[in-house]
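The structure appears right after this line, and notes come after that.
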């Protein structure tokens, strides 16, 4: 039953048109919120990377990289699927939070709140890890990419960094509900991920700088 509810949320959000998703985000409703938007932005980052790769594969100039390109296509497709799943995971985490707060006072409510908080932190941390992996893949593609698609590749990297930062905000705001000995290392790890992401974006921008001149 839990899996069916999860799939229903996934379908409800991901089946929306772009216009409807934007309108739903603007509404006075908790979901889709920042976490769901992070998942969509991450999926778009992976999708743009896939597009850049699709217009690169099959060209004689890059024939020597075909094995790398084939592996990368699998990774980018998997990343997009995972980001889409995180859209629903974020909504499910908020549902857990709402349900826990509606329970009567007592040990069961405290346990439910702890579970909801763990989920609210786990989702953005997973999103951050996935965004970092995507950035590494995009960096590896930068010098093996059709030059006419470099702007799309760089845009994909910028979106991946945006996903990282959205995830960092959600991680650190939720970590405030933890004891300091748990919250402080978690917040620092999240900030460190953003720094890694910024460095990878800068690496990609350096690798492609001549094409933007």
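Just a few scattered comments:
- Sorting 21, 68, 83, 212 from the fewest to the most surrounding beta carbons within 10 angstrom yields 212, 68, 21, 83.
- Summary value for region 111-213: 39 percent relative contact order, contacts being C-alpha pairs under 8 angstrom separated by 6+ residues.
- The chain: calculated mean residue ellipticity at 222 nm from DSSP helix runs of at least 4, using -39500 (n - 2.57): -28500 deg cm²/dmol
- Each 10 Å bin from zero holds the following percent of Cα-Cα pairs in region 19-130: 14, 32, 26, 16, 9, 3, 1.
- 0 to 90° range, to nearest 10: angle between helix 107-141 axis and the chain longest Cα axis: 0 degrees
- When 59, 196 are arranged by Cβ crowding within 10 Å, least crowded first, meaning fewest neighbours, the order is 59, 196.
- Theoretical gain in end-to-end length, residue 108 to residue 22 [0.36 nm per residue, Cα-Cα removed]: 27.3 nm
- Label-to-label distance, nm, for residues given as residue 77 and residue 59 (7 Å Cα→Cβ offset): 2.2 nm
- The alpha carbon radius of gyration of region 8-51, expressed as a multiple of 2.2 N^0.38 Å, is 1.18.
- Simple label model, 7 Å out from Cα along Cβ direction - residue 140 to residue 101, nm: 4.2 nm
- Radius, Kirkwood style, for region 75-185 when every pair of distinct Cα atoms is counted (Å): 15.8 Å
- Footprinting exposure proxy for 173, 121, 150 (fewest neighbouring C-beta atoms within 10 Å first): 173, 150, 121
- In plain terms, the C-alpha convex hull of region 93-155 casts an average shadow of 5.2 nm² when viewed from every direction.
- A Förster distance of 25 Å, applied to the separation of the beta-carbon atoms of residue 181 and residue 122, puts the FRET efficiency at 0.85.
- Over the C-alpha atoms of the chain, the Rg to Rh ratio, Rh being the Kirkwood estimate, stands at 1.04.
- Residue 115/residue 14 FRET efficiency (R0 22 Å; Cβ-Cβ; nearest 0.05): 0.35
- All alpha carbon pair distances within region 137-213 were sorted into 10 Å bins beginning at 0; the resulting P(r) in whole percents reads 19, 38, 23, 14, 5, 0.
- Highest-MSF residue in the chain out of 123, 22, 87 [GNM, Cα springs under 10 Å]: 22
Read the figures in this text as sums done on the coordinates, not as results from a lab. Nothing here was measured: the structure is a model prediction, and the numbers come from that model. Glycine also receives a Cβ, built like all others from the backbone with ideal geometry; neighbour counts cover every protein chain displayed.
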